[in-house]
Amino acid sequence: MHYQGSCHCGAVAFEVEAPEVIEAVRCNCSVCAKAGYLHLIVPLTRFRLLRGADALTTYTFNTGVAKHTFCRVCGIKPFYTPRSNPDGIDVNVNCLDSQPEALHIEDFDGRNWERNAHTLAHKSRDD
C-alpha cells in the first residue's frame, strides 16, 4: 500500500510503501518519548519525498549517524534516517495522512539502545 504523509503545516510531504497492517515501534529513548514518535522503518526504496526538501532541517547528536529531520516551519519530525538502519528511512506513523487498516505497536527499549539495536537491523532490508 502507498501511504501519503506530511508535517503539520504541509510544507513537507512524502509517500511510503508499507503493508496494510503496519508493525510500528514505540521507543522509550529520550528523543522519541519527548517527540511522541511512532516508528515505521522501511527500505529507502519504499520512500519518496514529494515536496519540502528546502523546508527540512537536520539535528544530530552522539554518533551523528542518525539524521533527525524536522520541518523548519512547524517543527514536526515526519521521517528521519535512523542510526539502527542508516540505509533505510524511519517514518513517523503519526504523520501519515490516512491511518492503516490495522496498527500493531511493539515497544522498544531505546534507553538501552546499544543492547537492543540489533533487533531493528532487519527492518530496512528490501525482502
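Please treat every number below as a calculation from the coordinates, not as lab data. Remember, predicted model here, so these are calculated numbers, not experimental data. Cβ atoms come from the backbone with ideal geometry, glycine included; neighbour counts cover every protein chain shown.
For segment 87-116, which residues satisfy the criterion of being free of Cβ contacts under 8 Å to residues at least 40 places away in the same chain and surrounded by fewer than 13 Cβ atoms within 10 Å (Cβ to Cβ)?
GLN99, ASN112, GLU114, ARG115, listed by residue number.
Considering ASN112, ASN92, ASN62, which residue is among the polar types (S, T, N, Q) and under 17 Å from SER124 (Cβ atoms)?
ASN92
List the number of the failed condition for CYS71; all other conditions in (1) in contact with a helix residue (DSSP H, G or I) (Cβ under 6 Å, 6 or more places away or on another chain); (2) within 25 Å of HIS122 (Cβ to Cβ) hold.
For CYS71, the exception is condition (2).
Filter segment 28-51 down to the residues that are of a type in the set (Lys, Arg) and under 18 Å from PHE70 (Cβ atoms) and list them by number.
LYS34, ARG51
Of the residues that sit in segment 25-43 and are within 18 Å of GLU15 (Cα to Cα) and assigned to a strand (DSSP E or B), which one is farthest from the chain's Cα centre (by Cα)?
Restricting to residues being within 18 Å of GLU15 (Cα to Cα) and assigned to a strand (DSSP E or B), the top hit is PRO43.
Residues in segment 113-127: is at least one over 16 Å from the mean Cα position of the chain (by Cα), assigned to a loop (DSSP other than H, G, I, E, B) and of a type in the set (D, E, K, R)?
Scanning segment 113-127 turns up at least one residue that is over 16 Å from the mean Cα position of the chain (by Cα), assigned to a loop (DSSP other than H, G, I, E, B) and of a type in the set (D, E, K, R).
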